[in-house]
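The block underneath contains the structure these notes are about, expressed in structure tokens.
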Amino acid sequence: MPLVNYAARELTCKIVYYGPGRSGKTTNLHYIYDRVPTERRGAMVSLATHNERTLFFDFLPLDLGRISGFNTRIQLYTVPGQAYYRSTRKLVLQGADGVVFVADSQRPQQDENLESLRDMHEVLAEQGVDARALPLVLQYNKQDLPGDLILSPGELDDVLNFRQVPRFTADALHGVGVFETLRKVSQLVLQRLSAPAAAGIP
Amino acid sequence: MVDPATRFATLVVGAANRLAVTAARAVVDAPGAIYNPLFVHGGAGRGKTHLLQAVCEAVVAAHPGLAVEYLAMEEFLDDLRAASQTGRSDAIKGRFQRIQLLCLDDAQLLAGQADAQSEVLRIINSMQASGRQVVMAADRPPQEIPELDARLLNRLSGGLVAEIGPPDAESREEILHRIAQARGFQFAPGVTEELARSAMSNVRELQGALNRLFAQQGAQGHPLTPQDVWPVLGEARIPARPDEFTTFLEDVTSSVAASVEAWRTHLAERIAVWSGLGYRTAILEQALALDEPPNVDELDTAFRVVTERLATLEREAIRLDPSYAGQPLFRDPDRLQEAEQCVAMAAARLAPPAGPESKWRLQDFPRTAANRPALASAQLLVLHPARVGHLMLVIGPPRSGKTHLVHGIGNALKVAAADSVVACIPAEALAREVVAAVEDGSIDRWHARYRAVQALLVEDVQKLDGRERVQQELATLADALRRDGRPVVLSCDREVAALGALSPRLRAVLESGARVFTAPASAAEAAGRFTPVPEGDEAAAPNIDAIPESEAAAWSAGPETEGAGRGERWWLDREKLVLRWPDLGECLLEDIA
């Protein structure tokens with residue numbers, strides 16, 4: 001649930017980009033970073049190896065200013081995709097208000113996608129989070145690659161989108177689908193604030 | 001001056017202004033009752049003035065006769081300055097005394113104006129104290145108005161402060177569509193949509209751009225296309241085409257407005273509904289001022305439960321006493337306990353009047369020769385209690401059986417109509433009740449209590465001698481009951497003419513009644529022979545315990561029976577009974593005279 005401090009009139013959301021290694025999570029954040037006015041963004045923290053692999057996590061805070069009387073902040077995180085950074089992923093996913101699952105559309109990456117999606121559900125389950133209640137958006141990245149190298153959105157849907165959540169095709173490197181994905185996940189996260197549970201109804 | 005075009009109907013409502021509009025509508029429904037003062041704020045061209053003028057227009061329409069004033073702060077400051085310079089400050093003070101709704105626009109101009117702030121504070125205090133409504137608008141919230149007096153800030157923040165944000169793309173499109181429609185502008189599909197995609201948040205700016213597009217379209221002689229929009233408006237006027245982040249920010253803004261404070265809008269809507277139903281909503285308004293969202297549905301449910309209880313109490317109170325109808329007490333959930341106590345007290349106060357003593361039965365009434373006509377009349381009254389204008393006056397000396405006859409009639413009426421309320425009361429007790437009711441201001445309830453009875457029996461009316469108010473009340477009550485076909489039986493130890501100080505009205509009532517007489521039993525009758533052997537004409541008399549239906553029907557047909565060939569009826573003793581029932585109209589004329 002997004003953190004709302006009614007006394008201080010502050011609203012903070014945490015959105016995590018999840019997915020297999022090299023699927024384009026950090027690329028998403030870089031694209032966003034480049035298009036956010038300087039006064040609206042904090043420093044992007046990125047801990048990467050010498051070959052640009054995310055070692056720990058990326059963090060991009062966005063300050064959206066005062067909206068409806070609330071100082072609104074969105075924190076964007078990515079997790080390291082490689083399988084052996086599971087504990088880091090678990091740490092980053094903690095307290096997430098919404099998740100963008102960035103899938104690699106390349107055919108050979110299908111198993112990686114599935115494994116990562118399963119891993120995400122396991123991590124959420126370990127944290128006692130009902131994955132069905134958590135806002136989730138799928139992003140099928142690298143759809144700009146030649147058709148014979150990638151799976152079509154329909155094929156990816158069959159494998160990954162069994163919950164029929166919103167999904168976007170993307171070319172994160174060139175920004176296609178990046179803001180659309182962010183907009184949708186933000187919308188889902190904020191909508192939860194007006195859900196009965198947010199109004200104090202048990 | 002209120003522009004008649006600025007109505008609620010022409011206001012585009014979106015996520016950015018929903019709370020402000022909802023609150024304004026609540027003010028229209030019940031000016032002064034909730035959100036007082038209502039303070040709306042937002043940037044230029046967001047529709048604050050439109051909203052204020054819409055409130056004025058709607059209040060005038062909904063509450064004709066209510067004095068309403070819309071005033072721009074600049075005008076107010078000018079007036080204040082002029083009044084101060086001419087030494088007529090009192091004129092300003094008096095100006096707002098009769099205003100029921102004051103809408104003050106551009107409140108930010110109060111910044112640094114100490115004198116004006118004092119005057120506004122005084123006006124708000126005065127209007128609030130007398131339940132009059134103040135609505136204000138500014139381009140910023142009260143706490144951001146520089147050098148604002150702390151007391152005024154406190155007062156302005158004490159009502160409801162609602163923000164009007166920039167219109168989202170959807171609202172901009174609707175605004176442009178309405179402007180075009182109102183002005184008869186025709187554009188090719190996509191033109192207004194293209195303009196709506198701009199980042200303009202000022203309605204006046206949008207309006208200006210639309211005017212220019214229409215002018216250009218007229219000049220070039222063919223319709224503009226969406227691609228023409230920005231070249232026509234000119235590079236300098238083109239708002240930066242929204243980039244990805246701006247568009248994203250707009251979407252997030254709409255989502256936050258619709259979600260984060262949705263409870264406030266929801267609660268404000270519920271307040272407006274309850275207020276529209278006439279209930280005081282102070283409890284809900286307090287919740288509206290909370291920093292953290294309460295459980296709105298739970299609050300609303302609790303409020304509904306209380307209002308349902310109040311409605312039940314009100315129905316019960318009105319049943320007991322119609323004068324309770326419309327009492328504010330039953331529209332204020334804060335006063336539920338008070339309403340409960342009020343109804344409980346009313347029920348106790350309005351308990352049915354005392355009835356006849358059961359030991360006196362009509363069938364046990366001594367059937368002496370002297371009492372026989374009185375008994376027969378009593379039998380007929382019991383048989384036909386609904387006869388309009390029925391009043392019986394039982395006249396007899398002490399110990400002649402008046403009490404027995406009166407109570408006996410009462411008991412017989414109760415037996416004849418189960419669950420009927422029959423009041424049987426000595427005149428002295430009646431007088432005490434009336435005096436007490438007059439003294440504690442509950443005479444209306446006393447009326448309601450007695451007007452609910454099916455029959456009224458009052459003993460010893462001679463004891464009302466000199467009790468003018470009581471006589472008046474008894475006469476009024478007797479008239480009301482008789483008009484409704486409910487019998488009235490009064491007893492007296494002497495003829496009406498022999499009564500002392502008697503109000504003309506009660507005298508008319510008594511004289512209009514059928515007089516029956518009771519007499520003490522003779523020695524022989526007292527010895528047990530209450531039913532003497534009939535002699536002469538009396539031998540042919542019918543059994544008074546079984547009056548034929550035909551006789552009863554004839555009796556009930558109308559007051560005038562004499563001269564109808566029924567003079568042979570033994571109980572129609574001309575010396576004992578008044579057979580000619582005076583016309584009610586005559587009585588009325590006599591009363592007026």
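The residues of the range B:380-402 that are surrounded by fewer than 22 Cβ atoms within 10 Å (Cβ to Cβ) and either free of Cβ contacts under 8 Å to residues at least 60 places away in the same chain or within 16 Å of B:K359 (Cα to Cα) (or both) amount to a single one, B:V382.
With respect to B:I145, is the statement that it is more than 17 Å from B:F76 (Cα to Cα) and touching a residue at least 12 places away in the same chain (Cβ under 8 Å) true?
Details: more than 17 Å from B:F76 (Cα to Cα): yes; touching a residue at least 12 places away in the same chain (Cβ under 8 Å): yes.
So B:I145 fits the description; yes.
A residue that is open to solvent by 60 Å² or more (accessible area, probe 1.4 Å), within 12 Å of another protein chain (Cβ to nearest Cβ), modelled with pLDDT under 80 and over 12 Å from the mean Cα position of the chain (by Cα) can be found somewhere in the range A:7-15.
Against the list (1) polar (S, T, N, Q); (2) under 30 Å from the mean Cα position of the chain (by Cα); (3) buried (at least 22 other Cβ atoms within 10 Å of the Cβ), the condition B:Q454 fails is (3). Of the residues in the range A:138-159, at least one is open to solvent by less than 40 Å² (accessible area, probe 1.4 Å) and among the hydroxyl-bearing types (S, T, Y).
Restricting attention to the range B:269-293, report how many residues are within 14 Å of chain A (Cβ to nearest Cβ) and open to solvent by less than 20 Å² (accessible area, probe 1.4 Å). Residues flagged as within 14 Å of chain A (Cβ to nearest Cβ) and open to solvent by less than 20 Å² (accessible area, probe 1.4 Å) within the range B:269-293 amount to 2. Close contacts from the range B:171-196, counting a first residue that is in the same structural domain as B:V229 (by TED's automatic domain parsing) and a second that is basic (K, R) and surrounded by 19 or more Cβ atoms within 10 Å (Cβ to Cβ), with Cβ to Cβ under 6 Å and a gap of 6+ residues or different chains, come to B:A196/B:R172.
Across the range B:448-457, the qualifying residues are those that are in a strand (DSSP E or B) and touching a residue at least 40 places away in the same chain (Cβ under 8 Å), and the one among them that is nearest to B:C424 (Cα to Cα) is B:L457. Take B:R280 and decide whether it is of a type in the set (K, R), touching a helix residue (DSSP H, G or I) at 6+ places or on another chain (Cβ under 8 Å) and outside the structural domain of B:R25 (by TED's automatic domain parsing). Against the criterion (of a type in the set (K, R), touching a helix residue (DSSP H, G or I) at 6+ places or on another chain (Cβ under 8 Å) and outside the structural domain of B:R25 (by TED's automatic domain parsing)), B:R280 qualifies.
Among the residues making up the range B:301-315, a single one is acidic (D, E) and exposed (fewer than 15 other Cβ atoms within 10 Å of the Cβ): B:E308.
Of all residues in the range B:243-257 being in contact (Cβ under 8 Å) with a residue 60 or more places away in the chain and more than 7 Å from every other protein chain (Cβ to nearest Cβ), which is surrounded by the fewest Cβ atoms within 10 Å (Cβ to Cβ)? For the range B:243-257, the residue satisfying everything is B:E250.
Please go through the range B:1-36 and give me each residue that is over 20 Å from B:V273 (Cβ atoms) and in contact with a Gly (Cβ under 6 Å, 6 or more places away or on another chain), ordered by number. Once the filter is applied, which keeps residues that are over 20 Å from B:V273 (Cβ atoms) and in contact with a Gly (Cβ under 6 Å, 6 or more places away or on another chain), the range B:1-36 yields only B:A16. Test A:R107 against the criterion of being basic (K, R) and either touching a helix residue (DSSP H, G or I) at 6+ places or on another chain (Cβ under 6 Å) or modelled with pLDDT of 85 or more (or both), and give yes or no. Yes: the conditions hold for A:R107. Filtering B:E173, B:E147 for residues that are of a type in the set (D, E) and either within 14 Å of chain A (Cβ to nearest Cβ) or surrounded by fewer than 17 Cβ atoms within 10 Å (Cβ to Cβ) (or both) leaves a single hit, B:E147. In the range B:487-504, the residues that are in contact (Cβ under 8 Å) with a residue 40 or more places away in the chain never reach a residue that is surrounded by fewer than 13 Cβ atoms within 10 Å (Cβ to Cβ) and of a type in the set (V, I, T) with C-beta atoms less than 7 angstrom apart, at least six apart or across chains. Mind listing whichever residues of the range B:59-71 are surrounded by 21 or more Cβ atoms within 10 Å (Cβ to Cβ) and aliphatic (A, V, I, L, M)? The one that is surrounded by 21 or more Cβ atoms within 10 Å (Cβ to Cβ) and aliphatic (A, V, I, L, M): B:V59. Restricting to the range B:37-58, and then to whatever is surrounded by fewer than 23 Cβ atoms within 10 Å (Cβ to Cβ) and touching a helix residue (DSSP H, G or I) at 6+ places or on another chain (Cβ under 6 Å), can you tell me which residue is nearest to B:S275 (Cα to Cα)? My answer is B:A58. A single entry from B:D479, B:D444 fulfils the requirement of being outside any loop (DSSP other than H, G, I, E, B), touching a residue at least 24 places away in the same chain (Cβ under 8 Å), in the same structural domain as B:A514 (by TED's automatic domain parsing) and over 28 Å from the mean Cα position of the chain (by Cα): B:D479.
Conditions tested, residue by residue: (1) of a type outside the set (D, E); (2) part of a helix (DSSP H, G or I); (3) under 17 Å from B:A514 (Cβ atoms); (4) at pLDDT 90 or above.
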residue: B:V382; (1), (2), (3), (4): yes, yes, yes, no
residue: B:G389; (1), (2), (3), (4): yes, no, yes, no
residue: B:V394; (1), (2), (3), (4): yes, no, yes, yes
residue: B:S400; (1), (2), (3), (4): yes, no, no, no
residue: B:H404; (1), (2), (3), (4): yes, yes, no, yes
residue: B:H407; (1), (2), (3), (4): yes, yes, no, yes
residue: B:N411; (1), (2), (3), (4): yes, yes, no, yes
residue: B:D419; (1), (2), (3), (4): no, no, no, no
residue: B:V434; (1), (2), (3), (4): yes, yes, no, yes
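The values are calculated or read from the model by the stated rules, or taken from the named source; none is laboratory data. Keep in mind the model is a prediction, meaning the values are calculated, not measured. Backbone-built Cβ (ideal geometry, glycine too); neighbour counts: all protein chains shown. Surface areas here come from the heavy atoms of the whole protein model, side chains and all, with no ligands, DNA or RNA. Shrake-Rupley method; radii C 1.70, N 1.55, O 1.52, S 1.80 Å.
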